[in-house]
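One structure is given below, encoded as structure tokens.
Read the figures in this text as sums done on the coordinates, not as results from a lab. Because the structure is predicted, anything quoted here is derived from the model rather than measured. Glycine gets a Cβ as well: all are built from the backbone with ideal geometry, and neighbour counts include every protein chain shown.
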Amino acid sequence: MEKYLLLGLAPVFLGCIAFEFLYLRRRAMNSYSWADVSSNAALALMQQAGSLLVAAPLLWLMQRIHAHRLFELAPGWTTLALLVVAQDLAYYWQHRASHRIRWMWASHVTHHSSPRLNLSTAFRQSLTYPLSGVWLFSLPLVWIGFTPTQVVTMGALNLAYQFFVHTETVRSLGWLEAVMNTPSHHRVHHACNERYLDRNYAGIFIVWDRLFGTFTPERERCVYGLVHPLHSHNPLRLTFHEWIAMLRDARLASGARARLLQLFGPPERALDGGAPMAPN
Ligand SMILES: [Zn+2]
Ligand SMILES: [Zn+2]
């Protein structure tokens, strides 16, 4: 279902990318490069393959948990509104954890590895998300009472919304900036300027960042990418470099506590400096 939804929207995404490319070229501010777009496309295909592999067991697990749900949520507008809000809140914490726990950052670092930001950057994802356990954050939703189909579909819609915030062509959306995640807020999220590091984790609603103290408005010009850039377009290197560095650090660390810190501590505690967005 999720696959078909995003697949069905693919022509919209590709049309928007083509439009943005032409728009930026006309204004001589083109942020597209073939090498960058090619690695984004390859990473998107690899990520799709990865999620296809785990789709059936994950659905099975969600159904098992849903069988013990806390509430019966009748289909309708109220349930839909609750689902939009609850799923986005779960996304906020999943995204925040993806930046603050190295085991999860090892996957999410791929999304942040480009020094460019345009609509095609939204496709820059990781094959290893299932291994990092991002799916754990959707389990409370099916336990509360939303059906697995509702949760998976809403997750796909949330990602579809986020496609549109990966752009430099929109400066501000006015009053919507107060409530919604916008291109301006997400540019901050992709920037490695010191004051922008690990900020604006929002999916759809920026209110979570405002509420939980992680909001920073766009004030200075964004410099995109990692604090320690990778200088690579190789999809395999972009996917696995941080896993390799993390496992090496865990092996080199002395004592169980130090090893666990390398695996599950914050990325800036990496022995080798890793590829964190946070300064070290
Ligand atoms: Zn992120
Ligand atoms: Zn992004």
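Of the conditions (1) touching a Ser or Thr at 6+ places or on another chain (Cβ under 7 Å); (2) polar (S, T, N, Q); (3) closer than 24 Å to residue 25 by Cβ, residue 200 satisfies every one except a single condition; which number is it?
For residue 200, the exception is condition (3).
Of the residues in the range 178-187, how many are surrounded by fewer than 22 Cβ atoms within 10 Å (Cβ to Cβ) and either part of a helix (DSSP H, G or I) or within 16 Å of ligand 1 (Cβ to nearest atom) (or both)?
3
Does the range 188-204 hold any residues that are more than 14 Å from ligand 1 (Cβ to nearest atom) and crowded, with 19+ Cβ neighbours inside 10 Å, and which are they?
Within the range 188-204, 204 is the sole residue that qualifies.
What is the number of the single condition among (1) farther than 30 Å from residue 236 by Cβ; (2) of a type in the set (Ser, Thr, Tyr); (3) not in a helix (DSSP H, G or I) that residue 31 does not meet?
Unmet condition: (1).
Go over the candidates 81, 160 one by one and state the one that is more than 30 Å from residue 264 (Cβ to Cβ) and within 16 Å of ligand 2 (Cβ to nearest atom).
Answer to the check: 160.
Looking at the range 19-32 only, could you name the residues that are exposed (fewer than 15 other Cβ atoms within 10 Å of the Cβ) and small (Gly, Ala, Ser)?
If the condition is that a residue be exposed (fewer than 15 other Cβ atoms within 10 Å of the Cβ) and small (Gly, Ala, Ser), then 28 is the only one that fits.
Here is a list: 86, 44, 56. Which entry is more than 23 Å from residue 202 (Cα to Cα), in a helix (DSSP H, G or I) and either of a type in the set (A, V, I, L, M, F, W, C) or more than 16 Å from ligand 2 (Cβ to nearest atom) (or both)?
56
Of the numbered conditions (1) assigned to a helix (DSSP H, G or I); (2) out of contact with any Phe, Trp or Tyr (no Cβ under 6 Å at 6 or more places or on another chain), residue 126 satisfies every one except a single condition; which is it?
Of (1) assigned to a helix (DSSP H, G or I); (2) out of contact with any Phe, Trp or Tyr (no Cβ under 6 Å at 6 or more places or on another chain), only one is false for residue 126: (1).
Quick check: anything in the range 69-76 over 23 Å from residue 138 (Cα atoms), out of contact with any His (no Cβ under 6 Å at 6 or more places or on another chain) and not in a helix (DSSP H, G or I)?
no
May I ask you to list the residues in the range 17-59 that are within 29 Å of residue 171 (Cα to Cα) and of a type in the set (S, T, N, Q)?
Within the range 17-59, 30, 31, 33, 38, 39, 40 meet the criteria.
Would you check which residues across the range 96-113 are more than 11 Å from ligand 1 (Cβ to nearest atom) and surrounded by fewer than 24 Cβ atoms within 10 Å (Cβ to Cβ) and list them?
Across the range 96-113, the qualifying residues are 101, 103.
Which one is nearest to residue 235 (Cα to Cα) among residues in the range 11-28 that are part of a helix (DSSP H, G or I) and charged (D, E, K, R)?
Checked the range 11-28; the qualifying residue nearest to residue 235 (Cα to Cα) is 20.
Looking at (1) without any contact (Cβ under 8 Å) to a residue 24 or more places away in the chain; (2) more than 11 Å from ligand 2 (Cβ to nearest atom); (3) part of a helix (DSSP H, G or I), can you tell me which one residue 171 breaks?
(3)
Can you name the residue in the range 129-155 that is touching a His at 6+ places or on another chain (Cβ under 9 Å) and part of a loop (DSSP other than H, G, I, E, B) and is also nearest to ligand 2 (Cβ to nearest atom) among such residues?
146
Looking at (1) of a type outside the set (D, E, K, R); (2) within 20 Å of residue 216 (Cα to Cα); (3) more than 16 Å from ligand 2 (Cβ to nearest atom); (4) surrounded by 23 or more Cβ atoms within 10 Å (Cβ to Cβ), can you tell me which one residue 165 breaks?
(3)
Kindly indicate whether residue 98 is polar (S, T, N, Q), within 16 Å of ligand 2 (Cβ to nearest atom) and in contact with a His (Cβ under 8 Å, 6 or more places away or on another chain).
Answer is yes for this residue.
Determine, yes or no, whether residue 214 is assigned to a loop (DSSP other than H, G, I, E, B) and either over 16 Å from the mean Cα position of the chain (by Cα) or within 22 Å of residue 103 (Cα to Cα) (or both).
Against the criterion (assigned to a loop (DSSP other than H, G, I, E, B) and either over 16 Å from the mean Cα position of the chain (by Cα) or within 22 Å of residue 103 (Cα to Cα) (or both)), residue 214 qualifies.
Hey, can you tell me all the residues within the range 114-130 that are within 15 Å of ligand 1 (Cβ to nearest atom) and in contact with an Asp or Glu (Cβ under 7 Å, 6 or more places away or on another chain)?
114, 117
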